[in-house]
Structure formats: structure tokens, C-alpha cells
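Okay, so here's the structure we're looking at.
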Amino acid sequence: MAVGIWCFGLVTCCAALIVMGYVPESERPEQPLLVWGMPAWVFWGLFVPWVVQIAATWWFALCWLKDDEPYEEFPTTAATDNPAGVP
């Protein structure tokens with residue numbers, strides 16, 4: 001599951017950055033498109049996928065992973081009754 005989340009994040013980041021990050025010089029506007037003060041390619045290609053991955057990781061950690069049962073105490077043996085170890 002964790003590897004799947006990582007691969008999904010890698011693909012979405014790379015795809016968004018390739019599609020939105022490179023604009024030929026002839027097509028570039030004078031002022032880049034901004035979202036919350038960031039260039040749009042940074043917002044959609046980095047910020048949003050990272051927030052989604054952080055939320056997915058928190059969900060995975062809180063809902064999917066479970067604690068193991070605690071180990072049972074070792075039964076007492078004759079060695080604990082006889083500290084010297086003499087039969």
C-alpha cells in the first residue's frame with residue numbers, strides 16, 4: 001500500500017510538472033498564472049499532490065495499520081527458582 005501511494009505521487013507530480021511546467025517561449029504569457037501566490041504548475045504539480053499524499057499517509061497510519069498484540073510473559077522456569085543454576 002505504501003509503495004502504491006508513493007508511485008501514485010511520483011506519477012502525478014511528474015505528469016503535472018511535465019504538462020504544466022514546460023511552456024514554449026512563444027506561448028509564455030507576460031505574467032504567469034498564479035494560485036495562492038504560487039505559479040500554477042507549482043501549486044498543481046507539487047503542493048496539491050503532496051497534501052494528498054500526506055493525507056493518504058495519515059489515513060493509512062491511523063486506520064489501516066494496527067498494533068500487534070503484546071508478547072505474552074515468558075513462563076517462569078526452574079532457572080528463575082534456582083539463580084545459581086545448580087540442579
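Observations, loosely collected:
- Label point 7 Å beyond Cα of Val35 along Cβ direction - residues of region 1-29 with amide nitrogen under 18 Å: 9-23, 29
- Per-pair calculated FRET efficiency, R0 = 41 Å: Trp6 and Arg28 via Cβ, rounded to 0.05: 0.80
Taken together, the values in this text are just the output of simple stated rules run on the coordinates, not laboratory data. The shown structure was predicted, so the numbers you read here are calculated from the model rather than taken from an experiment. Note: ideal-geometry Cβ built from the backbone for every residue, glycine included; neighbour counts use all protein chains shown.
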